[in-house]
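Please read the structure below before turning to the comments.
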Amino acid sequence: MSQDSSSTVLARAFLFLQPYKKQIFWAGLALIFTAGLNLALVQYVRIIVDQGFVASSAALLGQAIIGFLIIAILQAFGTFARFYWVSWLGERVTADLRRAVYSHMISLHPGYFEANLSGEIQSRITTDTTLIQSVVGSSASVALRNLLLLLGGIIFLFITNPKLTSIVLICIPLVVGPIIFFGRRVRRLSRNSQDQVANVGAYVGESIQQIKTVQAYNHQDYDRAEFAGHVENAFEVALKRVKTNAYLITIVMTLVFLAIGAMIWVGGRDVINGSMTPGELTAFIVYAVMVATAVAAISGVVSELQRAAGALERLIELLYAKNEISAPINPKHFDGKPKGSLVIDKVCFSYPSRPESMAINNVSFVIHPGENVALVGPSGAGKSTLFDLILRLYDADEGSVRLEGIEIRELDPVELRSHIAIVSQQPAIFTGNVFDNICYGQPMADQRAVEAAAEAAYAKDFIEELPKKFESFLGESGVRLSGGQKQRIAIARAILKDPEILLLDEATSALDAESERQVQMALAGLMKNRTSLVIAHRLATVKNMDRIIVMEAGRVIAQGTHKELLDQNALYANLAELQFSETNHKEHESSIGVTKVRV
C-alpha cells in the first residue's frame, strides 16, 4: 500500500480506540509509571555500588536496598495495572472490530461474494482479528514500554556521562536504518502470508462442506495434493518473513553489543584514571544495556507490528467495502399494510461478474394483489434473477420494480424484505435446532406458532420423530435432514412469516410424490389471497395458476393460462408435451427431457 493509504488505514483503525480514552489514559499512565521506576532503579544500583560497596558503609547500603525494594514493589503494582489495561484494550478493540466487520459483511450485496471467497472472509474475521488482539494487547505494549525506556535511558546516559553517550548516539541511526528497511519488507510478506493462510482455510471449508461429493467422486487424493500445495505456499511465504525478521534481529543485536563493548572499554579507562566512579560506570553500563535491550525488543516486535498492519489492511478492506445496495437517506413508507401489488417495468439487468451478458432483457409485467403467477422456461431464462431483483439483492440496470406503486429503491431494503418470504430450490438450513430454523424470519415467535407453522407445512410428523423434537440439532447446513425434510422446514419458515408476497423457487422439487402432495396442499392454503410468484419446471404444479409467464433468454415471450399457452406458445407446448405424455414410458422420457431444460 502507498503511504497515503497506510495513513488512511491507521486513521480508520484509531476510530476503534476513540471510545476508550479513559482506558487508554490509565494504560498510558501505567506504562510511563513502570518505565520511570525502571530508570529509577538504576540510580539505586549506582548508590549501592558507590556508597555501599566502595565506601564500605553498611548503613548506606541498607538504606539503598530499602529504597530499591520499595521501587521494586511499586514496579510490581504498576506492571499489574499496565498488563490489565493494555490487555483490556486489546480484547475490547478486537471484539469491536470483529463485530463491525461482520455487521458490514452481512449487509453487502451478493455480487460482492461472487468475487470474494467466503473462506477468506472467515479467515480475516477470525485469524486476522486474533493477530491484532495479540499485538494491541501485548506487542504494542512491549514496543511502547521499550520506546519509553529507550528515550529515558538516553537522557540518563547524558546526565551520567555525555562523552560515552556520544558512542550510543552514533550507533542509534545504524540500528534504526535496518529496522525501517526490513520492517517494510516484513509488512509486505506478512500481508502475503495472511493471504496464503486464508487460501488454506477456504480450501478446507469448501472440502468439508462438499464432503459427500468429494468422497463420491474419489477426489480425496487430488484434494490432498491440492491442499498440500496451498500449505507449502503458505509455508514458503512465512519462511521468507521469518528469515527477514531473523536478519533484522541479528544486525540490530550485533550493532548494539558492539556499541556496549566500546562503552565499557572507554568507561573502564575513565574509572582507572579516576575521572569516573565505579558506581557511575555501573549505572552507565546498566542504562546502556537497558537502551540496547529496548532497541532489540523494538526490533523484535517490529515483525509482529508489521504482521498486524497487514492483517489490519485486510480487515479495513472488508469494513469499507462498498455496498451497492443501501437504504435511501429519506426512505418512503407504505401507507398501511401493502396488499401485494407488484409491477416489473422494462427491467434490464446483467450480473456484475458477467456485464456482457443480459440476464434480464426489457422485461415487463404486472401482478395484482392476491394473484398467483407462475414463471416457466428453460435454464438461464432469468426466472431466479427476477426473484433477486424483487428482493433487491441487486438493482436493475434499467427500468423499475414497484411494490404498491413505490419504486423499491426508494424503500429501506429491511422494510421491503419484511413483506416478502422466499422458499428456494435448495433451502438454507442453518446450524442449530429445528425451532431456530423455523422461526428464522420471526425470531420472537412462540412455541405454539412454530408448531402450527410446522403442522401447516406437513413437517410436524417427522419433527416429532427426531430425538429432541423441535430442539433437535440439525448439523451444519441441515446435514441430518433429507432434501424433502429441509424443504418442509423452509416452507414452515415462510408460513410463520406470513408475508404479503410469496416467492417459491421450485419449492417442491426435492420431495417424493406423497410429500409433494402434502406440501402442495399446504402451499395452496398459504397462497390463498396472497400475491405469489412461483418458479416451476413441472407444469403439473402450475397449470391451475391464475397466470403463467413464459421466459426465454431473459425475455418474457408469452403470458396466459395453461390452456391459452398450449395453443399460442410453441415453447410451452413443447414442455407440456414432454411432461404430460400418456404412457409411463413417455413419462420417463419426459422427465429426462425436463432435466435437460431445468432452470
If I filter region 302-361 down to residues being touching a strand residue (DSSP E or B) at 6+ places or on another chain (Cβ under 9 Å) and among the aliphatic types (A, V, I, L, M), which single residue comes out as surrounded by the most Cβ atoms within 10 Å (Cβ to Cβ)? Ile360
Mind listing whichever residues of region 429-480 are within 27 Å of Ala524 (Cβ to Cβ) and among the aromatic types (Phe, Trp, Tyr)? Phe435, Tyr440, Tyr458, Phe462, Phe470
Could you check region 443-540 for helices (runs of 4 or more DSSP H) lying wholly inside it with 3 or more residues that are of a type in the set (Val, Ile, Thr)? 483-497
With the requirement that a residue be under 60 Å from the mean Cα position of the chain (by Cα) and not in a helix (DSSP H, G or I), what does region 267-282 give you? none
Would you mention how many residues in region 368-384 are β-branched (Val, Ile, Thr) and either at pLDDT 90 or above or surrounded by fewer than 21 Cβ atoms within 10 Å (Cβ to Cβ) (or both)? 1
Criterion (crowded, with 19+ Cβ neighbours inside 10 Å, assigned by TED's automatic domain parsing to the domain that holds Val142, at pLDDT 80 or above and not hydrophobic (A, V, I, L, M, F, W, C)) met by exactly one of Arg98, Arg92, Arg46: Arg98
Matching residues, region 336-357, being touching a residue at least 12 places away in the same chain (Cβ under 8 Å) and farther than 19 Å from Ile549 by Cα: Lys337, Pro338, Lys339, Ser350, Tyr351, Pro352, Ser353
Please work out which residue is farthest from Tyr112 (Cα to Cα), limiting yourself to region 396-406 and to residues that are among the charged types (D, E, K, R) and buried (at least 16 other Cβ atoms within 10 Å of the Cβ). Glu404
Between a residue in region 520-547 that is farther than 15 Å from Thr561 by Cα and surrounded by 18 or more Cβ atoms within 10 Å (Cβ to Cβ) and any residue that is at pLDDT below 75 and among the polar types (S, T, N, Q), which pairs come within a Cβ distance under 8 Å, given they are 6 or more apart or on different chains? Leu523/Thr508; His537/Ser509
For region 112-123, does any single residue satisfy the condition of being crowded, with 20+ Cβ neighbours inside 10 Å, assigned to a helix (DSSP H, G or I) and modelled with pLDDT of 75 or more? yes
For Leu511, work out the one condition from (1) at pLDDT below 75; (2) over 15 Å from Gln425 (Cβ atoms); (3) hydrophobic (A, V, I, L, M, F, W, C); (4) buried (at least 16 other Cβ atoms within 10 Å of the Cβ) it doesn't fulfil. (2)
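The values are calculated or read from the model by the stated rules, or taken from the named source; none is laboratory data. Being a predicted model, the structure only gives us computed values, none of them experimental. Quick reminder, even Gly has a Cβ in these numbers, built from the backbone with ideal geometry, and neighbours come from all protein chains shown.
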